[in-house]
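Quick notes on the structure that follows.
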Amino acid sequence: MDTPGPPVPPSPPQGSAQPPAEPRVRRRDRHGRGMRGPVAPPQVPLSVSRADTFRDLVLDSVERLERRWPQLQDVEFMILDVPPPVPGESVPLGGSTPAEKREPARVVVYRRPVELRSKTRDERAALVHEVVVEQVAELMGLSPESVDPRYGQD
């Protein structure tokens, strides 16, 4: 036995023009739960990007060295994702450039190579500090142990 369904509207007579149907405005997703929000609130470390975390590690290392070496305030510390390609050489973790006429001295830390060589946050922090110390030592013409007595012990 057939059950009656909802009434079907009559079709328009042949030859009469009917305006096109207006598209429905969607205000929610199809399950009616609303739009998705962020996965984590901004104050949770999950929402901090890897680049921001890496920058914080470099800044911590620089601040640690600036307490001992105040002249490092004139040095520009930079973070680049990857070093420029040099055929036949291994990938560097950092670099330094001495001061020139109008350019300050620079220390560069390459984020991706450092991240690839460290597994945990603690390993990454230790490696970042080693790279910064080595580049500052090269810039100043000193040994890394004289720049930071704890070099290699972390």
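The values are calculated or read from the model by the stated rules, or taken from the named source; none is laboratory data. For clarity, every value in this text was computed on a predicted model and none was experimentally measured. With ligands, DNA and RNA removed, areas are computed over all heavy atoms of the protein, side chains included. Shrake-Rupley method; radii C 1.70, N 1.55, O 1.52, S 1.80 Å.
Per-structure values
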read-out	value
Carbon + sulfur, % of accessible area of the stretch 43-154 - ligands and nucleic acids excluded, 1.4 Å	51 percent
Accessible area per residue in Å² at 1.4 Å probe, computed on the stretch 34-154	67 Å²
Gain upon complete extension [Glu89, Glu66; 0.36 nm per residue less C-alpha separation]	5.1 nm
Full-stretch length increase - Thr53, Ala40 - with 0.36 nm per residue and alpha-carbon distance subtracted	3.1 nm
